[in-house]
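Working notes, beginning with the structure itself.
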Amino acid sequence: MIDLSINIELARTILTGFIRSEIMRAGFSRAVINLSGGLDSTLACYLTAEALGGENVLALRVPYSSSSVDSLDHAQMVIEALGLQSMTIPISEMTDPLFERFPEAGPVRRGNIMARLRMIVLYDQSEAFRGLPIGTGNKTEILLGYTTLFGDSACAINPLGDLYKTQVRQLARAIGVPGVILDKAPTADLWVGQTDEGELGFTYEEVDRLLYLLVDQRFSPEECVTTGFDEKFVRNVVERVRRNHFKRILPPIAKLSNRTVGYDFLYLRDWGT
């Protein structure tokens, strides 16, 4: 049996402590989050507000003209519930000239452009608000590469990155996230009718169980098939994880010296920290 249940109180304590300590370590006392109205960014807001106080969190709504009205309403619900500072910064006027320049661009290409422009807004407001950008990506998305590099994956710290999507849902339910956000279909809201599971071709519940065996339990693909997973599904997921490894690491540096950043120079331990 594959058990993805988590110790809610322990996870909550660890994650709020992580947010508080990492922000203070960097010399900040405030945080900035792109709040889509979806489950992941909502949970990140709840945890960050608990760690720092709602008045020290800036939630950004960054809609495009085709963004769901429900997404904006749900984000506003979170802002009001937690007493967050907030701004709404539409990105249509930023993105449309580029879309017009490249009319052949398909929905994925356009979605990546929107995600990266939202990152620009996030980091600009980080400087203006003097708050550290908080990531909202979960472990499932990170492993599958279901994210835009230097877009929604860009952040200073990520409190959700070791929680599978089904575990995000567990913690969000326990912490008091509104049911209307918990129950709606996961979506990046990048184009009309887009859903995560529709684009991926499988459910989060199904892939989380497989990823748990592959990653946490170190099962081989063959052992996963033996437990009952479809072989084609296993191979598809393993290939996605392998193919998207470049999104999970800093750009590799060609090694020339004996102290190369990312290889030999990893920590400031020899600087007395």
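Observations, loosely collected:
- Pairing residues of the stretch 231-245 that are within 18 Å of E205 (Cβ to Cβ) with residues that are of a type in the set (G, A, S), at Cβ distances under 7 Å and at least 6 apart in sequence or on separate chains, gives R240/G145.
- If you go through the stretch 102-128 and pick out every residue that is within 17 Å of T147 (Cβ to Cβ) and either without any contact (Cβ under 8 Å) to a residue 24 or more places away in the chain or surrounded by fewer than 16 Cβ atoms within 10 Å (Cβ to Cβ) (or both), you end up with 6.
- Elements of type helices (runs of 4 or more DSSP H) contained in the stretch 188-237, each with 1 or more residues being more than 30 Å from Y64 (Cα to Cα) and modelled with pLDDT of 95 or more: 204-211, 221-226
- Qualifying residue in the stretch 212-229 (condition: under 27 Å from I19 (Cβ atoms) and buried (at least 18 other Cβ atoms within 10 Å of the Cβ)): yes
The values are calculated or read from the model by the stated rules, or taken from the named source; none is laboratory data. From a predicted model like this one, the values you see are computed outputs, not experimental measurements. Here the Cβ is made from the backbone with ideal geometry for all residues, glycine too, and neighbour counts use every protein chain on show.
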